[in-house]
1. Give me the accessible area per residue for the range 82-213, probe 1.4 Å, as a whole number in Å².
2. Can you tell me the relative contact order of the chain? Whole percent, Cα pairs under 8 Å, sequence separation 6 or more.
3. So, with a 1.4 angstrom probe, what is the percent of accessible area on the chain that is carbon and sulfur?
4. Need one number for the range 2-67: average projected area of the convex hull over its C-alpha atoms, nm².
5. Seen from all sides and averaged, what is the projected area of the convex hull of the Cα atoms in the range 83-164, in nm²?
6. In whole Å, largest first, what are the principal axis extents of the Cα atoms in the chain?
7. Would you rank E112, E41, E143, E210 by solvent-accessible area, highest first, keeping every protein chain in place and using a 1.4 Å probe?
8. Cα to Cα, under 21 Å, and not fewer than 8 places away if on the same chain: which lysines meet these conditions relative to K24?
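The values are calculated or read from the model by the stated rules, or taken from the named source; none is laboratory data. These numbers come from a predicted model, not from an experiment. The area values use the complete protein model at the heavy-atom level, side chains included, leaving out ligands, DNA and RNA. Shrake-Rupley method; radii C 1.70, N 1.55, O 1.52, S 1.80 Å.
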Amino acid sequence: ASYTIADADVAGPFQPIPEDMADKAKLPALGFSSAAEALGEKFHASPKLLARLNPGKDLGRAGEAIIVPNVAGAPPLPKAGKIVVDKNDRTLTLFDTAGKVIAQYPVSSGTENDPLPIGTWKVNGVSKNPTFHYNPKLFWDAEPGEKKARIPPGPNNPVGVAWIDLSKEHYGIHGTPIPGAIGKTQSHGCIRMTNWSIAALTDSIAAGTEVLLQE
């Protein structure tokens, strides 16, 4: 589809996102690093893909006419009855209350150090634009000397734009600041989705929704 970049798309504020958790905690919010990244999230595409679709175009200039994936106007999902995450397929499948498949998304989940907790669980609740409370004791790959940190919300927050809390302690379904890695890399045991996928999912599920995690 064709799209004209709006003033709001390039208004920012934009800033580089540091790697260190302590440095992230110093920022007021973890927004986008550039207008290109913001547009990529809006149209479910990497900034590199948008650049390839629009050679010679300035993705940071309001008024620029560009070509984008046509993702606008999708109707909201009906109420979900069950979530099934398949470790081997790297998918999350959503079923309605009658047992019909209504959506499927790519996900990243689990490692040898933090395996996916196979079994049947429940959704405890949903938190949108969450603050992330980093506890290095829960991460096997934390750097020595790292301390607990309160990471502000935003699309570049470590859990993205939403956290779906599961009845398994410390586990949830959440977004990501690196959508291009979904389905290609592993997580710290939780189920990781793109921000646009988790946003659609949170509008469909509620506390008590069954969650089956399987091989």
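1. I get 48 Å² per residue for this part.
2. 24
3. Percent of accessible area from carbon and sulfur atoms in the chain: 54.
4. Result: a mean projected hull area of 4.7 nm².
5. 6.9
6. 50, 49, 26
7. Result, largest first: E112, E143, E210, E41.
8. K128, K137, K147, K148
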